[in-house]
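Taking it in order: structure first as structure tokens, then the write-up.
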Amino acid sequence: MKKLVWAAGFVLLFSLSFPLKAVLKFEPPIRIVTAEYTPYKRLAEPDLVNLFKKYNIFLCLCVREDQLNQDLDHIYSVYEKEGLHILFWPLLPRKYGLYLNQYTTDEYLEYLDVIFDWAEKHGHHIEALVVDVEPGNPKIIKKLKKQKGKIPFEKTIEDFNRIIEKIHKHNCLAVGVGFPFVIDDRIRGTHGWEKFFGGPVATVEWDYFAVMMYSSWFVEWFKVSWDTAHWMDYIYAIDLKKLWGDKAAVAVGVTSPGEGQEKVIYETPQMIAPAISAIRKAGIESIGVYDLKGILASGNPEAWFKVIKEAPPALPEKGEKKAKILRGIIKRSSWLMKLLRALGIL
């Protein structure tokens, strides 16, 4: 009997000594609206909360360094009471360039302690933390690069895994976010796009991996039609689904300018419906829209929420040929990215 008690005690001690990986999973379909620029007090108002509840929408909430405050505490209290899910999307202090990349891993790891300490102090459980991997402000990154020197990519992979492990220690899902171009790195086993866009976001294993499939960017940057852009959404989403399966997620947009000050945006729910439909056609059920600011500015937020929930799987009649040509060009350029970095040009 004593041996049994000692054995049970050892197993308990062992389990407490090694924190379990996050076991929480969300049931699909997952529908998300991102809020980066909406005042926190507005997010807690009953009419908006009721919309999130009516359409079973998750709130992806941007949290800046000065927003770990009572208003955030209030949002969590309100949404928890209503059984609503919040995806916690933290941004680093602006002096570090806001985003996680190869030069901010140490700062990000330290900031995670601040975030989870805040949650524990206020009695909230962060279900999922969104890790936004981007290059950051060039001037800030140049300064950090000068301070830290060249960082081996293998070291960055280790650091990213440490970040995921720390998130898991708090029984929290780690949601990686990157640009769609990194999909080609995963396909080819290269890292050119990842190095250009901030780090090994397509190399490490997240609980969910989301890409910023902003078809408005294709229209603005590549000067293609909306139909072609939505076919691009679909073609990228097909590869994303093959590689990440049920972990794959997509954010479509944009509905309002973000840090990049975009000029081409979705102005109505009817405009964005084809983007959502294209992603659904690819078999991806975790779909978000960026950003709530534009949705509210339209004057009819419920129409957007309805489209997010109900847009059927579909593709435009036109645009397929040009989308495949453009996708092929981008795919081949991943080798060029690798070469330019090897030569020290990028």
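What number of residues in segment 152-188 are assigned to a helix (DSSP H, G or I) and not basic (Lys, Arg)? Number of matching residues: 20.
Can you tell me which residue within segment 317-346, out of those that are at pLDDT below 65 and outside any helix (DSSP H, G or I), is nearest to residue 135 (Cα to Cα)? By that ranking, first place goes to 346. With respect to the stated conditions, residue 99 is closer than 30 Å to residue 150 by Cβ and either under 20 Å from the mean Cα position of the chain (by Cα) or free of Cβ contacts under 8 Å to residues at least 60 places away in the same chain (or both). The test for being buried (at least 16 other Cβ atoms within 10 Å of the Cβ), touching a Phe, Trp or Tyr at 6+ places or on another chain (Cβ under 9 Å) and of a type in the set (Lys, Arg) holds for residue 166. Per the listing 125, 74, 85, the residue uniquely surrounded by fewer than 19 Cβ atoms within 10 Å (Cβ to Cβ), farther than 16 Å from residue 174 by Cβ and in contact (Cβ under 8 Å) with a residue 12 or more places away in the chain is 74. Listed by first and then second residue, the pairs linking a residue in segment 188-208 that is touching a residue at least 24 places away in the same chain (Cβ under 8 Å) and of a type in the set (S, T, N, Q) to a residue that is in a loop (DSSP other than H, G, I, E, B) and buried (at least 20 other Cβ atoms within 10 Å of the Cβ), with Cβ atoms under 8 Å apart and 6 or more places separating them unless they lie on different chains, are 203/191.
The values are calculated or read from the model by the stated rules, or taken from the named source; none is laboratory data. Keep in mind that this is a model prediction, so the values were computed, not measured. Glycine also receives a Cβ, built like all others from the backbone with ideal geometry; neighbour counts cover every protein chain displayed.
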